[in-house]
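Data block below; observations after.
The values are calculated or read from the model by the stated rules, or taken from the named source; none is laboratory data. Remember, it's a predicted structure, so these values are computed and weren't measured experimentally. Cβ: placed from backbone, ideal geometry, glycine included. Neighbour counts: every protein chain shown.
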Amino acid sequence: MIDLNKITNDVKSASKNIRNRIILCAGTGCVANGALKVYDAFIKTAENMKLDICIEFKKESKGTLISKSGCQGFCQMGPLVSLMPENILYTKVQVEDVKEILEKSIIGNEIIDRLCYNENNKTYKGPEEIPFYKKQHRYIIKNCGFIGAEDIEEYISLGGYAGAKKACLEMTSEKICKEILSSGLRGRGGGGFPTGKKWELTKIQTEPKKYVICNGDEGDPGAFMNRSVLEGNPHSVIEGMIIASKAIGADEGYVYVRTEYHLAVERMKRAIKKAKEYGLLGNNLFGSNHNFELHVMEGAGAFVCGEETALIASVEGKRGMPKPKPPFPAQSGLWGKPTVINNVETLATVSLIIRDGAENYKKIGVPTSTGTKTFALTGHVKNTGLIEVPFGTTLRQIIDIAGGVTNDKGDVEEGAFKAVQIGGPSGGCLTKEHLDLPLDFDSLRSVGAMVGSGGLVVMNQTTCMVNIAKFFMQFTQNESCGKCVLCREGTRQMLLMLEDITEGRATEETIPLLEKLAHTVRIGSLCGLGKTAPNPVLSTLKYFRHEYDAHVKEKKCPSGSCTSLVNITINPEKCIGCTVCALKCPVKAIKGEKKEKHVIDRSICVKCGVCIDVCKFKAIKRG
């Protein structure tokens, strides 16, 4: 039987000989920017410099520990390198910076200012000072950017698997469900259904065979919260699944991850293998009579498989298509057996609740939405990345964490904010009037939006809201499984109408028809994909109807984004006839002799904007 205390003491004993620690962010974003090359350079350079280094905690370890973590969140500034115990964070680190870091910071204990984060001419040493981190409440992802992503012993040394041990040895199924229900934990996948209630509904089923499924099929454009947890702290998800299995009486589970998440799939598989080696999966866990086996199932990347019944069909080897409910998965799920399906973030929260108690957990967030929520922050903000805040945090506070909204030149500008799309293609738009709205399940529902999985796309004044609605409708139309007519044909017709609006073909009957069809698709579709697909259209119609009207009635795009509705003109007073624009025009639409005023032949102009970019005299513009 595994001895968690012994492992904890061994790691702490080994860490006493570790003088420094270099932590490379090895989340997908930093890896894409060359973090693994930086990691290799640290090891090779340190060896050449004859420094004492190690890459994992062992009794004989000493000197400097060089390790890889999961996503540290500050994606805009990657690759990221953290130096411990000083808690220094270096940003945008490249291979050529490695030797200097080792010489000055590891050997010389100096801080390299040029590698530190700088904002408004102020240099910040590390996360304790950087506004991006300082204004968050990192609870679920706290260890993702710190511990070795695949180091089970370090996870254990920080309290890992203590919650699972407590659940297996000290708690009945009823007590576990009651504790989770008391905590107020609601599903983080978008629906916000009480987790404890879902477990109770599954537990009471008399069928002896039951399953637990982790839904890691994160398909929203721009969302990467679940991926980051799977990559950076896979054992937290495994532990949550062990507790869930004890609560409902399941002996088998599946982690469903889309195959595009290559790093998450690899790390989860290795984590499961390691957990089995340590006796944390299998038979008689912690010496109890509870058994639990876990498998990884790779999904093919269909957005609809985020829906419970479609996900179950995919695990069974069938085409991912939803089924009518009831029966719910709690009654008849995987292979007809009672099944509980929880989101990655939900399961990562469970072990903390069991370990620390529901009362402690309820101190975070608001009464109807307890705890924290991770958000993938993208769009027109200074600092994109992964953040975590308590429920009840306002949109204004989140934008402040991101460093402010940027204009079309990438500079932070007061008044540049226009809207936020929250919840991805299933969510809705929030506007200036919602900047101080608390972000929680009920507040967002009251204004026609939803938390969703946690995607946040911030948009500035240059954004065309009709185009945004069209983008998300294109996505959901492509991802519709086609099972029900309203979703299959309704989203297609909505997309065609949006294309008519943005390309100048719409009539005054188009908008009312679009709105009516959107309500019909929402009411009549079979699953959550179709029911929420019209949300971006309905919310933009509600808050930005004037933009739709301008497209239809004036044949004009207020933001200048819809090229079909924008004419490119040459100001004769500024044109000097240099011919640069004519030479660069791909379709030869610009006419005029050298040193004479030029004109654009609109019948062949494709409105690509190349002429605007190359004109040094600012004589050409959209209008």
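Can you find, within the stretch 452-484, the residue that is nearest to residue 386 (Cα to Cα) among those that are in contact with a strand residue (DSSP E or B) (Cβ under 7 Å, 6 or more places away or on another chain) and of a type in the set (Val, Ile, Thr)?
The residue in question is 457.
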- request: Test residue 63 against the stated conditions and say whether it is surrounded by 14 or more Cβ atoms within 10 Å (Cβ to Cβ), at pLDDT below 95 and within 25 Å of the chain's Cα centre (by Cα).
  value: no
field: Test: residue 8 is under 27 Å from residue 113 (Cβ atoms), touching a residue at least 40 places away in the same chain (Cβ under 8 Å), surrounded by fewer than 22 Cβ atoms within 10 Å (Cβ to Cβ) and hydroxyl-bearing (Ser, Thr, Tyr)
entry: no
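Scan 76, 94, 136 and give me the residue that is surrounded by fewer than 21 Cβ atoms within 10 Å (Cβ to Cβ) and either of a type in the set (Gly, Ala, Ser) or at pLDDT 95 or above (or both). Working first, answer last.
On the way: 76 fails: either of a type in the set (Gly, Ala, Ser) or at pLDDT 95 or above (or both); 136 fails: surrounded by fewer than 21 Cβ atoms within 10 Å (Cβ to Cβ).
Every option except 94 fails the conditions.
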- request: Identify all residues within the stretch 38-55 that are touching a residue at least 40 places away in the same chain (Cβ under 8 Å) and surrounded by 15 or more Cβ atoms within 10 Å (Cβ to Cβ); write none if there are none.
  value: 38, 41, 42, 45, 46, 51
field: Single match in 604, 590 (criterion: among the β-branched types (Val, Ile, Thr) and crowded, with 16+ Cβ neighbours inside 10 Å)
entry: 590
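Residues checked against (1) modelled with pLDDT of 95 or more; (2) buried (at least 24 other Cβ atoms within 10 Å of the Cβ); (3) more than 22 Å from residue 167 (Cα to Cα); (4) of a type in the set (Asp, Glu):
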residue	(1), (2), (3), (4)
217	no, yes, yes, yes
221	no, no, yes, no
227	no, yes, yes, no
252	yes, no, no, yes
255	yes, yes, no, no
262	no, no, yes, no
305	no, yes, yes, no
315	yes, no, yes, no
- prompt: For the stretch 472-496, how many residues are part of a helix (DSSP H, G or I) and either surrounded by fewer than 23 Cβ atoms within 10 Å (Cβ to Cβ) or in the same structural domain as residue 318 (by TED's automatic domain parsing) (or both)?
  reply: 13
- prompt: Under the condition of being in contact with a strand residue (DSSP E or B) (Cβ under 6 Å, 6 or more places away or on another chain) and in a loop (DSSP other than H, G, I, E, B), which residue from the stretch 195-250 is farthest from residue 69 (Cα to Cα)?
  reply: 250
- request: Kindly establish whether residue 319 is touching a Gly at 6+ places or on another chain (Cβ under 7 Å) and not in a strand (DSSP E or B).
  value: no
Residue ID - farthest from residue 189 (Cα to Cα), chosen from residues in the stretch 456-471 that are of a type in the set (A, V, I, L, M, F, W, C) and in a strand (DSSP E or B): 459
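Considering every residue within the stretch 104-111, establish whether at least one is under 30 Å from residue 374 (Cα atoms) and either modelled with pLDDT of 95 or more or not in a loop (DSSP other than H, G, I, E, B) (or both).
Scanning the stretch 104-111, I find no residue that is under 30 Å from residue 374 (Cα atoms) and either modelled with pLDDT of 95 or more or not in a loop (DSSP other than H, G, I, E, B) (or both), so the answer is no.
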- request: For the stretch 188-202, name all the residues that are surrounded by fewer than 20 Cβ atoms within 10 Å (Cβ to Cβ) and touching a residue at least 24 places away in the same chain (Cβ under 8 Å).
  value: 191, 192, 201
message: Tell me the residue from 274, 337 that is basic (Lys, Arg), crowded, with 16+ Cβ neighbours inside 10 Å and touching a helix residue (DSSP H, G or I) at 6+ places or on another chain (Cβ under 9 Å), please.
response: 274
task: Considering each residue of the stretch 143-178, count those that are free of Cβ contacts under 8 Å to residues at least 40 places away in the same chain and of a type outside the set (S, T, N, Q), and give that number.
output: 5
query: Across the stretch 151-161, which residue is surrounded by the most Cβ atoms within 10 Å (Cβ to Cβ) among those that are touching an Asp or Glu at 6+ places or on another chain (Cβ under 9 Å) and in a helix (DSSP H, G or I)?
result: 155
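Which is touching a residue at least 24 places away in the same chain (Cβ under 8 Å) and either in the same structural domain as residue 247 (by TED's automatic domain parsing) or within 26 Å of residue 464 (Cα to Cα) (or both), of 345, 388, 414? Break it down into steps so the answer makes sense when it comes.
Working: 388 fails: either in the same structural domain as residue 247 (by TED's automatic domain parsing) or within 26 Å of residue 464 (Cα to Cα) (or both); 414 fails: touching a residue at least 24 places away in the same chain (Cβ under 8 Å).
That would be 345, the only listed residue that is touching a residue at least 24 places away in the same chain (Cβ under 8 Å) and either in the same structural domain as residue 247 (by TED's automatic domain parsing) or within 26 Å of residue 464 (Cα to Cα) (or both).
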- request: Within the stretch 292-316, track down each residue that is part of a strand (DSSP E or B) and under 26 Å from the mean Cα position of the chain (by Cα).
  value: 294, 295, 296, 297, 298, 299
query: Tell me, which residue of the stretch 104-124 that is without any contact (Cβ under 8 Å) to a residue 40 or more places away in the chain and charged (D, E, K, R) is nearest to residue 51 (Cα to Cα)?
result: 104
- line: Within the stretch 506-533, restricting to residues that are charged (D, E, K, R) and in contact with a helix residue (DSSP H, G or I) (Cβ under 8 Å, 6 or more places away or on another chain), the one that is farthest from residue 320 (Cα to Cα) is 508
